[in-house]
Number of protein chains: 2
Amino acid sequence: MNSAPDPARRSERARLAVLDSAMELCRENGFAQLTIEAIAERAGVSKKTIYRWWPSKGAVLLEAVSEAATAAAFHVDTGDLAVDMRTQLAGVVALFTPRDSSPVAALMSESQRDPSLATEVREQLIRPRIALFEERMRSAQRSGEIPEGADLGVALDLFYGPIYHRLVFHLDLPDDEELGARVDHVIAALRAMPAANR
Amino acid sequence: MNSAPDPARRSERARLAVLDSAMELCRENGFAQLTIEAIAERAGVSKKTIYRWWPSKGAVLLEAVSEAATAAAFHVDTGDLAVDMRTQLAGVVALFTPRDSSPVAALMSESQRDPSLATEVREQLIRPRIALFEERMRSAQRSGEIPEGADLGVALDLFYGPIYHRLVFHLDLPDDEELGARVDHVIAALRAMPAANR
(Lines give C-alpha, C1' and ligand atoms only; values in the text may rest on other atoms or scores of the structure.)
Protein backbone atom coordinates (compact mmCIF):
# COMPACT_ATOMS: atom_id res chain seq x y z
CA MET A 1 0.00 0.00 0.00
CA ASN A 2 1.18 3.55 -0.72
CA SER A 3 1.99 5.59 2.36
CA ALA A 4 1.08 9.27 2.51
CA PRO A 5 3.93 11.69 1.62
CA ASP A 6 6.11 12.40 4.63
CA PRO A 7 6.29 16.22 4.97
CA ALA A 8 9.20 16.04 7.42
CA ARG A 9 11.28 14.04 4.96
CA ARG A 10 10.36 16.30 2.07
CA SER A 11 11.34 19.30 4.18
CA GLU A 12 14.73 17.81 5.00
CA ARG A 13 15.34 17.16 1.30
CA ALA A 14 14.45 20.77 0.50
CA ARG A 15 16.59 22.02 3.36
CA LEU A 16 19.65 20.17 2.08
CA ALA A 17 18.99 21.36 -1.47
CA VAL A 18 18.89 24.96 -0.24
CA LEU A 19 22.12 24.59 1.75
CA ASP A 20 23.95 22.88 -1.14
CA SER A 21 22.74 25.51 -3.58
CA ALA A 22 23.88 28.36 -1.33
CA MET A 23 27.36 26.83 -1.01
CA GLU A 24 27.64 26.21 -4.77
CA LEU A 25 26.47 29.68 -5.73
CA CYS A 26 28.76 31.30 -3.18
CA ARG A 27 31.69 29.31 -4.58
CA GLU A 28 30.79 30.26 -8.16
CA ASN A 29 29.95 33.95 -7.79
CA GLY A 30 30.94 35.09 -4.30
CA PHE A 31 28.83 36.26 -1.39
CA ALA A 32 28.00 39.68 -2.85
CA GLN A 33 26.24 38.09 -5.83
CA LEU A 34 24.37 35.52 -3.74
CA THR A 35 20.60 36.09 -3.60
CA ILE A 36 17.68 34.21 -2.07
CA GLU A 37 16.15 34.16 -5.54
CA ALA A 38 19.15 32.39 -7.07
CA ILE A 39 19.30 29.92 -4.19
CA ALA A 40 15.58 29.14 -4.61
CA GLU A 41 15.95 28.63 -8.34
CA ARG A 42 18.98 26.35 -8.01
CA ALA A 43 17.38 24.36 -5.18
CA GLY A 44 14.03 24.04 -6.95
CA VAL A 45 12.04 25.55 -4.09
CA SER A 46 10.09 28.78 -3.73
CA LYS A 47 11.54 31.93 -2.18
CA LYS A 48 8.69 31.66 0.33
CA THR A 49 10.00 28.27 1.45
CA ILE A 50 13.43 29.74 2.09
CA TYR A 51 12.07 32.75 3.98
CA ARG A 52 9.96 30.43 6.11
CA TRP A 53 13.16 28.89 7.50
CA TRP A 54 15.84 31.55 7.20
CA PRO A 55 15.66 35.35 7.63
CA SER A 56 18.52 36.18 5.21
CA LYS A 57 21.10 34.79 2.80
CA GLY A 58 23.67 35.14 5.60
CA ALA A 59 21.55 32.83 7.78
CA VAL A 60 21.33 30.24 4.97
CA LEU A 61 25.09 30.35 4.46
CA LEU A 62 25.75 30.15 8.21
CA GLU A 63 23.72 26.93 8.44
CA ALA A 64 25.45 25.50 5.35
CA VAL A 65 28.89 26.39 6.70
CA SER A 66 28.02 24.90 10.11
CA GLU A 67 27.21 21.58 8.48
CA ALA A 68 30.34 21.72 6.31
CA ALA A 69 32.47 22.47 9.39
CA THR A 70 30.91 19.59 11.31
CA ALA A 71 31.67 17.25 8.42
CA ALA A 72 35.20 18.44 7.60
CA ALA A 73 36.73 19.58 10.88
CA PHE A 74 35.63 17.26 13.67
CA HIS A 75 37.68 16.27 16.68
CA VAL A 76 38.87 12.69 16.91
CA ASP A 77 40.41 11.09 19.96
CA THR A 78 42.99 8.45 19.04
CA GLY A 79 44.87 9.06 22.29
CA ASP A 80 47.58 11.05 20.42
CA LEU A 81 46.83 14.76 20.83
CA ALA A 82 49.47 15.94 18.33
CA VAL A 83 48.12 13.68 15.58
CA ASP A 84 44.51 14.53 16.35
CA MET A 85 45.01 18.31 16.43
CA ARG A 86 46.99 18.18 13.19
CA THR A 87 44.12 16.30 11.55
CA GLN A 88 41.52 18.69 12.91
CA LEU A 89 43.45 21.83 11.96
CA ALA A 90 44.04 20.46 8.45
CA GLY A 91 40.25 20.11 8.25
CA VAL A 92 39.82 23.76 9.24
CA VAL A 93 42.39 24.87 6.65
CA ALA A 94 40.55 22.81 4.00
CA LEU A 95 37.36 24.75 4.77
CA PHE A 96 39.18 27.97 3.80
CA THR A 97 40.73 26.48 0.64
CA PRO A 98 40.80 27.74 -2.05
CA ARG A 99 40.50 30.99 -0.22
CA ASP A 100 39.03 33.09 -3.01
CA SER A 101 36.03 30.81 -3.53
CA SER A 102 35.60 29.37 -0.03
CA PRO A 103 32.07 29.96 1.30
CA VAL A 104 33.52 29.72 4.81
CA ALA A 105 35.99 32.54 4.08
CA ALA A 106 33.13 34.50 2.51
CA LEU A 107 31.01 34.12 5.65
CA MET A 108 33.89 35.25 7.87
CA SER A 109 34.60 38.26 5.62
CA GLU A 110 30.96 39.26 5.58
CA SER A 111 30.72 38.98 9.35
CA GLN A 112 33.57 41.53 9.67
CA ARG A 113 31.21 44.09 8.15
CA ASP A 114 27.95 42.94 9.65
CA PRO A 115 27.98 42.88 13.48
CA SER A 116 24.68 40.99 13.81
CA LEU A 117 25.90 38.25 11.46
CA ALA A 118 29.17 38.21 13.47
CA THR A 119 27.18 37.60 16.65
CA GLU A 120 25.26 34.72 15.02
CA VAL A 121 28.47 33.18 13.67
CA ARG A 122 30.09 33.40 17.10
CA GLU A 123 27.15 32.03 19.07
CA GLN A 124 25.82 29.41 16.64
CA LEU A 125 29.01 28.22 14.94
CA ILE A 126 32.10 29.13 16.97
CA ARG A 127 31.08 28.69 20.61
CA PRO A 128 29.77 25.13 20.08
CA ARG A 129 32.99 24.28 18.23
CA ILE A 130 35.08 25.72 21.07
CA ALA A 131 33.14 23.44 23.44
CA LEU A 132 34.11 20.41 21.31
CA PHE A 133 37.75 21.54 21.34
CA GLU A 134 37.67 21.87 25.13
CA GLU A 135 36.22 18.37 25.41
CA ARG A 136 39.20 16.99 23.44
CA MET A 137 41.59 18.99 25.65
CA ARG A 138 40.03 17.65 28.83
CA SER A 139 40.47 14.14 27.49
CA ALA A 140 44.19 14.94 26.92
CA GLN A 141 44.37 16.23 30.49
CA ARG A 142 42.81 13.03 31.83
CA SER A 143 45.26 10.88 29.86
CA GLY A 144 48.19 13.02 31.03
CA GLU A 145 49.21 14.31 27.58
CA ILE A 146 48.88 17.86 28.86
CA PRO A 147 48.90 18.95 32.50
CA GLU A 148 45.69 19.07 34.55
CA GLY A 149 46.15 22.80 35.07
CA ALA A 150 46.82 23.69 31.43
CA ASP A 151 45.11 26.94 30.40
CA LEU A 152 42.59 25.87 27.74
CA GLY A 153 41.94 29.47 26.69
CA VAL A 154 45.63 29.85 25.84
CA ALA A 155 45.54 26.46 24.09
CA LEU A 156 42.59 27.57 21.95
CA ASP A 157 44.26 30.83 20.88
CA LEU A 158 47.61 29.16 20.14
CA PHE A 159 46.24 26.16 18.23
CA TYR A 160 43.83 28.17 16.05
CA GLY A 161 45.54 31.57 15.99
CA PRO A 162 48.05 30.72 13.24
CA ILE A 163 45.26 29.96 10.74
CA TYR A 164 43.47 33.26 11.33
CA HIS A 165 46.66 35.30 11.46
CA ARG A 166 47.51 33.99 7.98
CA LEU A 167 43.95 34.42 6.75
CA VAL A 168 43.54 38.06 7.83
CA PHE A 169 46.78 39.15 6.16
CA HIS A 170 46.38 37.03 3.02
CA LEU A 171 49.52 35.10 3.82
CA ASP A 172 49.54 31.48 2.59
CA LEU A 173 47.62 29.18 4.93
CA PRO A 174 49.84 26.73 6.83
CA ASP A 175 50.55 23.45 5.02
CA ASP A 176 50.59 20.09 6.84
CA GLU A 177 54.23 20.39 7.86
CA GLU A 178 53.73 23.90 9.19
CA LEU A 179 50.61 22.80 11.07
CA GLY A 180 52.60 19.96 12.61
CA ALA A 181 55.36 22.32 13.79
CA ARG A 182 52.81 24.67 15.36
CA VAL A 183 50.91 21.85 17.07
CA ASP A 184 54.16 20.46 18.49
CA HIS A 185 55.14 23.90 19.81
CA VAL A 186 51.76 24.46 21.46
CA ILE A 187 51.79 21.07 23.18
CA ALA A 188 55.37 21.75 24.33
CA ALA A 189 54.23 25.12 25.72
CA LEU A 190 51.32 23.58 27.64
CA ARG A 191 53.67 20.97 29.11
CA ALA A 192 56.48 23.42 29.90
CA MET A 193 54.54 26.09 31.75
CA PRO A 194 54.97 25.86 35.51
CA ALA A 195 51.64 25.37 37.27
CA ALA A 196 51.78 28.83 38.87
CA ASN A 197 51.77 30.53 35.47
CA ARG A 198 48.97 28.52 33.94
CA MET B 1 63.97 88.65 5.35
CA ASN B 2 61.04 86.55 4.29
CA SER B 3 61.93 83.20 2.76
CA ALA B 4 59.95 81.81 -0.15
CA PRO B 5 57.22 79.31 0.84
CA ASP B 6 58.62 75.81 1.14
CA PRO B 7 56.48 73.54 -1.09
CA ALA B 8 57.89 70.36 0.47
CA ARG B 9 56.87 71.51 3.95
CA ARG B 10 53.46 72.61 2.76
CA SER B 11 52.97 69.19 1.12
CA GLU B 12 53.88 67.36 4.30
CA ARG B 13 51.37 69.48 6.24
CA ALA B 14 48.67 68.66 3.68
CA ARG B 15 49.64 64.98 3.71
CA LEU B 16 49.26 64.77 7.48
CA ALA B 17 45.94 66.65 7.35
CA VAL B 18 44.65 64.15 4.78
CA LEU B 19 45.76 61.14 6.84
CA ASP B 20 44.32 62.55 10.08
CA SER B 21 41.04 63.40 8.36
CA ALA B 22 40.74 59.92 6.87
CA MET B 23 41.28 58.32 10.29
CA GLU B 24 38.78 60.65 11.98
CA LEU B 25 36.09 60.17 9.35
CA CYS B 26 36.55 56.41 9.37
CA ARG B 27 36.20 56.41 13.16
CA GLU B 28 33.07 58.58 12.99
CA ASN B 29 31.20 56.99 10.08
CA GLY B 30 32.93 53.75 9.12
CA PHE B 31 34.80 52.79 5.96
CA ALA B 32 31.69 52.42 3.77
CA GLN B 33 30.78 56.09 4.29
CA LEU B 34 34.33 57.35 3.75
CA THR B 35 34.79 59.36 0.53
CA ILE B 36 37.69 61.26 -1.02
CA GLU B 37 35.39 64.28 -1.09
CA ALA B 38 34.77 64.18 2.65
CA ILE B 39 38.47 63.67 3.36
CA ALA B 40 39.35 66.65 1.14
CA GLU B 41 36.79 68.86 2.84
CA ARG B 42 37.90 67.92 6.36
CA ALA B 43 41.59 68.30 5.47
CA GLY B 44 41.07 71.62 3.67
CA VAL B 45 42.67 70.43 0.44
CA SER B 46 41.27 69.80 -3.04
CA LYS B 47 40.19 66.36 -4.25
CA LYS B 48 42.79 66.82 -6.99
CA THR B 49 45.52 67.08 -4.36
CA ILE B 50 44.44 63.79 -2.82
CA TYR B 51 44.22 62.00 -6.17
CA ARG B 52 47.71 63.28 -7.03
CA TRP B 53 49.10 61.23 -4.13
CA TRP B 54 46.68 58.33 -3.60
CA PRO B 55 44.66 56.27 -6.09
CA SER B 56 41.77 55.46 -3.71
CA LYS B 57 40.33 55.96 -0.24
CA GLY B 58 41.74 52.53 0.66
CA ALA B 59 45.24 53.76 -0.22
CA VAL B 60 44.80 56.86 1.97
CA LEU B 61 43.63 54.73 4.88
CA LEU B 62 46.45 52.23 4.38
CA GLU B 63 49.03 55.01 4.67
CA ALA B 64 47.27 56.48 7.71
CA VAL B 65 47.09 53.07 9.39
CA SER B 66 50.75 52.37 8.59
CA GLU B 67 51.77 55.54 10.40
CA ALA B 68 49.46 54.78 13.33
CA ALA B 69 50.90 51.25 13.57
CA THR B 70 54.46 52.57 13.52
CA ALA B 71 53.61 55.00 16.32
CA ALA B 72 51.56 52.64 18.51
CA ALA B 73 53.02 49.18 18.04
CA PHE B 74 56.80 49.42 17.73
CA HIS B 75 59.30 46.87 18.94
CA VAL B 76 61.51 47.83 21.86
CA ASP B 77 64.53 45.89 23.05
CA THR B 78 65.00 46.17 26.80
CA GLY B 79 66.71 42.79 26.89
CA ASP B 80 63.55 41.15 28.32
CA LEU B 81 61.67 39.47 25.48
CA ALA B 82 58.54 38.66 27.52
CA VAL B 83 58.13 42.28 28.66
CA ASP B 84 58.86 43.68 25.20
CA MET B 85 56.45 41.37 23.35
CA ARG B 86 53.72 42.07 25.89
CA THR B 87 54.20 45.81 25.31
CA GLN B 88 54.22 45.43 21.55
CA LEU B 89 51.16 43.17 21.46
CA ALA B 90 49.26 45.54 23.76
CA GLY B 91 50.04 48.24 21.16
CA VAL B 92 48.58 46.05 18.41
CA VAL B 93 45.45 45.39 20.47
CA ALA B 94 45.09 49.14 21.08
CA LEU B 95 45.05 49.70 17.31
CA PHE B 96 41.96 47.47 17.09
CA THR B 97 40.20 49.12 20.07
CA PRO B 98 37.37 50.00 20.19
CA ARG B 99 36.78 47.46 17.51
CA ASP B 100 33.63 48.93 16.01
CA SER B 101 35.23 52.29 15.26
CA SER B 102 38.85 51.25 14.72
CA PRO B 103 40.15 52.41 11.32
CA VAL B 104 42.68 49.56 11.50
CA ALA B 105 39.90 46.98 11.92
CA ALA B 106 38.01 48.70 9.08
CA LEU B 107 41.02 48.40 6.78
CA MET B 108 41.43 44.71 7.62
CA SER B 109 37.71 44.03 7.07
CA GLU B 110 37.74 45.84 3.76
CA SER B 111 40.81 43.92 2.61
CA GLN B 112 38.91 40.64 3.18
CA ARG B 113 36.60 41.70 0.36
CA ASP B 114 39.09 43.46 -1.90
CA PRO B 115 42.00 41.24 -2.96
CA SER B 116 44.06 44.10 -4.45
CA LEU B 117 43.78 46.09 -1.21
CA ALA B 118 44.70 42.89 0.66
CA THR B 119 47.86 42.59 -1.42
CA GLU B 120 48.80 46.20 -0.71
CA VAL B 121 48.15 45.77 3.01
CA ARG B 122 50.28 42.65 3.08
CA GLU B 123 53.19 44.04 1.09
CA GLN B 124 53.26 47.64 2.35
CA LEU B 125 52.11 47.23 5.94
CA ILE B 126 52.49 43.64 7.13
CA ARG B 127 55.71 42.37 5.54
CA PRO B 128 57.80 45.33 6.79
CA ARG B 129 56.33 44.83 10.27
CA ILE B 130 57.16 41.10 10.15
CA ALA B 131 60.75 42.11 9.31
CA LEU B 132 60.88 44.30 12.44
CA PHE B 133 59.48 41.41 14.52
CA GLU B 134 62.16 39.08 13.13
CA GLU B 135 64.84 41.62 14.01
CA ARG B 136 63.65 41.60 17.64
CA MET B 137 63.62 37.78 17.62
CA ARG B 138 67.16 37.60 16.27
CA SER B 139 68.28 39.89 19.07
CA ALA B 140 66.62 37.48 21.55
CA GLN B 141 68.48 34.62 19.87
CA ARG B 142 71.80 36.46 20.18
CA SER B 143 71.19 37.16 23.85
CA GLY B 144 70.18 33.54 24.46
CA GLU B 145 66.58 34.26 25.52
CA ILE B 146 65.37 31.88 22.81
CA PRO B 147 67.44 29.20 21.08
CA GLU B 148 69.52 29.95 17.99
CA GLY B 149 67.47 27.45 16.01
CA ALA B 150 64.03 28.71 17.08
CA ASP B 151 61.52 28.71 14.20
CA LEU B 152 60.67 32.39 13.73
CA GLY B 153 57.72 31.58 11.45
CA VAL B 154 56.17 29.57 14.26
CA ALA B 155 57.00 32.38 16.70
CA LEU B 156 55.24 34.92 14.46
CA ASP B 157 52.07 32.81 14.14
CA LEU B 158 51.93 32.00 17.85
CA PHE B 159 52.64 35.52 19.15
CA TYR B 160 50.18 37.27 16.82
CA GLY B 161 47.66 34.51 16.12
CA PRO B 162 45.66 34.97 19.34
CA ILE B 163 44.78 38.58 18.43
CA TYR B 164 43.50 37.66 14.98
CA HIS B 165 41.70 34.54 16.15
CA ARG B 166 39.74 36.71 18.59
CA LEU B 167 39.22 39.45 16.03
CA VAL B 168 37.82 37.21 13.27
CA PHE B 169 35.26 35.60 15.57
CA HIS B 170 34.31 38.76 17.45
CA LEU B 171 35.53 37.30 20.72
CA ASP B 172 36.89 39.86 23.20
CA LEU B 173 40.44 40.88 22.40
CA PRO B 174 43.00 39.63 24.96
CA ASP B 175 43.57 41.92 27.95
CA ASP B 176 47.04 42.55 29.38
CA GLU B 177 46.95 39.52 31.66
CA GLU B 178 45.83 37.25 28.82
CA LEU B 179 48.53 38.69 26.55
CA GLY B 180 51.09 37.98 29.24
CA ALA B 181 49.99 34.35 29.62
CA ARG B 182 50.17 33.83 25.84
CA VAL B 183 53.60 35.46 25.54
CA ASP B 184 54.93 33.30 28.38
CA HIS B 185 53.58 30.16 26.71
CA VAL B 186 55.11 31.04 23.33
CA ILE B 187 58.53 31.74 24.82
CA ALA B 188 58.29 28.47 26.79
CA ALA B 189 57.44 26.65 23.54
CA LEU B 190 60.40 28.14 21.67
CA ARG B 191 62.72 27.14 24.53
CA ALA B 192 61.22 23.67 25.00
CA MET B 193 61.30 22.43 21.42
CA PRO B 194 64.21 20.07 20.75
CA ALA B 195 66.48 21.36 17.97
CA ALA B 196 65.47 18.54 15.61
CA ASN B 197 61.85 19.69 15.61
CA ARG B 198 62.52 23.38 15.13
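The values are calculated or read from the model by the stated rules, or taken from the named source; none is laboratory data. Here the structure is a predicted model, which means the values were calculated and not measured. Every residue, glycine as well, gets a Cβ built from its backbone with ideal geometry; the counts of neighbours run over all protein chains shown.
Remarks
- Residues of segment B:116-146 that turn out to be more than 19 Å from B:L89 (Cα to Cα), out of contact with any Gly (no Cβ under 9 Å at 6 or more places or on another chain) and more than 12 Å from every other protein chain (Cβ to nearest Cβ), as a count: 2
- Screening the candidates B:D184, B:D157 for the property of being touching a Gly at 6+ places or on another chain (Cβ under 9 Å), acidic (D, E) and part of a helix (DSSP H, G or I) yields one hit, B:D157.
- Any hit, segment B:23-36, residues being of a type in the set (G, A, S), on the phi < 0 side of the Ramachandran plot and modelled with pLDDT of 95 or more: no
- Lone unmet requirement of (1) buried (at least 23 other Cβ atoms within 10 Å of the Cβ); (2) part of a loop (DSSP other than H, G, I, E, B) for B:D172: (1)
- Scanning segment A:121-146 for residues that are touching a helix residue (DSSP H, G or I) at 6+ places or on another chain (Cβ under 6 Å) and of a type in the set (D, E, K, R) yields A:E134, A:E145.
- Of the residues making up segment B:180-190, not a single one is crowded, with 22+ Cβ neighbours inside 10 Å, more than 7 Å from chain A (Cβ to nearest Cβ) and closer than 29 Å to A:P115 by Cβ.
- B:R99 being away from every other protein chain (no Cβ under 13 Å) and either at pLDDT below 95 or closer than 21 Å to B:E178 by Cα (or both): no
- Reported count of residues in segment A:137-152, each being surrounded by fewer than 18 Cβ atoms within 10 Å (Cβ to Cβ) and either within 18 Å of the chain's Cα centre (by Cα) or assigned to a loop (DSSP other than H, G, I, E, B) (or both), is 5.
- Residue that is in contact with a Ser or Thr (Cβ under 9 Å, 6 or more places away or on another chain) and free of Cβ contacts under 8 Å to residues at least 40 places away in the same chain, where the choices are B:A32, B:A43, B:A72: B:A43
- Flag if B:S143 is modelled with pLDDT under 95, out of contact with any His (no Cβ under 7 Å at 6 or more places or on another chain), polar (S, T, N, Q) and farther than 16 Å from A:Q112 by Cβ: no
- Test result for A:I163, touching a residue at least 40 places away in the same chain (Cβ under 8 Å), surrounded by 19 or more Cβ atoms within 10 Å (Cβ to Cβ) and part of a helix (DSSP H, G or I): yes
- Listed by position, the helices (runs of 4 or more DSSP H) contained in segment A:1-103 that have at least 2 residues being exposed (fewer than 13 other Cβ atoms within 10 Å of the Cβ) and either in contact with a Pro (Cβ under 8 Å, 6 or more places away or on another chain) or of a type in the set (V, I, T) (or both) form an empty set.
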